[in-house]
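Some notes on the structure that comes next.
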Amino acid sequence: MKTIATCVEEILVTQPFLEEALSRSIINFSALAEELQTPISVMLKKPVKTGAIMMALRRYNPPKDLRHSTKLKAVLKNLGDITVRSHLVDFTFQNSKTLINSHSQLMETIDTNAFYGFSRGIHESNMVISTSEKQKIQEHFKNETMIGLQENLSAISIRLPENNSKISGLYYQIFKRFAWEGISLYEVISTTNEFTVLVEDHVVDKAFSAIKRLN
């Protein structure tokens, strides 16, 4: 059976920015209670008083602020080299029985100094590559079904410490910073100790600054 407290928790866990602001005591409980009055009344199918919602908010025990994690702080302060590569293009192809063969042909001719990233999903595959190599992909994949093409992209790569997979909240802090600053990510490429975001050229400086401010 749902209660006001469970409704408050259900709303807050789906809105991490709101939950974090609440954990940092920078939200007016009264104003937030008024904001939540209608959705909670709908969820419970009966009128709810703001006073009861305020009480539930004050009693809510949010998860420990990840920003205060000693390990997380250490990682954010010691991020490795940040590398920016521009003049990139992103191709999306529908998966097929011949796609891997086309990919093998490309790998035999690609410039070893070019930026290149490949990821394969269930239904489609993505290739990010330096614009200088664009013609090679168009040649080797001419018989494949291209379902997406985006040019004028830049990649920002961050070198992570070897124990990064043991640190909870690391990627959350990175994505949160981008979201707060209104930066849209075109694609994300991740390896064990390296994290790369692909953004449109016109926001690359803003995205780079956002990453530098993480620590």
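Nothing in this text is a laboratory measurement; each read-out follows from the coordinates by a stated rule. Predicted, not measured: the structure shown is a model, and the values here were computed from it. Backbone-built Cβ (ideal geometry, glycine too); neighbour counts: all protein chains shown.
Secondary-structure-derived ellipticity at 222 nm for the chain, considering helices only, amounts to -12500 deg cm²/dmol, per-run term -39500 (n - 2.57) for DSSP H runs with n ≥ 4. Computed from label points 7 Å out along Cα-Cβ, the spacing between residue 184 and residue 119 is 1.7 nm.
Ignoring lysines fewer than eight residues from residue 142 along the same chain, the ones with Cα atoms less than 21 angstrom from its Cα are 97, 134.
Using R0 = 41 Å, the C-beta based FRET efficiency linking residue 163 and residue 49 works out to 0.25.
Where does each of 4, 147 land when they are ranked from fewest to most other beta-carbon atoms within 10 angstrom?
Values: 4 19, 147 12.
Ranking 4, 147 by Cβ neighbours within 10 Å, fewest first, gives 147, 4.
Just to verify a number: FRET efficiency for residue 97 and residue 152, C-beta to C-beta distance, R0 = 22 Å, to 0.05? List each step's numbers first, then the result.
Details: r = 32 Å, r/R0 = 1.46.
Given R0 = 22 Å and the Cβ-Cβ separation, E is 0.10.
Which links in 2/73; 136/176; 77/206; 73/176; 166/206 stretch past 27 Å when you go from one Cα to the other?
Working: 2/73 37 Å; 136/176 37 Å; 77/206 19 Å; 73/176 15 Å; 166/206 29 Å.
Correct reply: 2/73; 136/176; 166/206.
Note on residue 24 and residue 177: the extension gain reaches 53.4 nm, defined as 0.36 nm multiplied by sequence separation minus the Cα-Cα distance.
Using the count of nearby Cβ atoms within 10 Å as a rough guide to exposure, how do 11, 26, 82 rank from fewest to most? Before the final figure, lay out each step's value.
Details: 11 17, 26 8, 82 12.
The order, fewest Cβ neighbours first, is 26, 82, 11.
Approximating the spin labels as points 7 Å out from Cα along Cα→Cβ, the residue 5-to-residue 87 distance works out to 6.2 nm.
Order of 99, 36 from fewest to most other C-beta atoms within 10 Å? Write down the numbers at each step before the final one.
Working: 99 18, 36 23.
Listing 99, 36 from fewest to most nearby Cβ atoms yields 99, 36.
Counted by Cβ distance under 10 Å from residue 154, the other residues give a net charge of -2, where Lys and Arg count +1 and Asp and Glu count -1.
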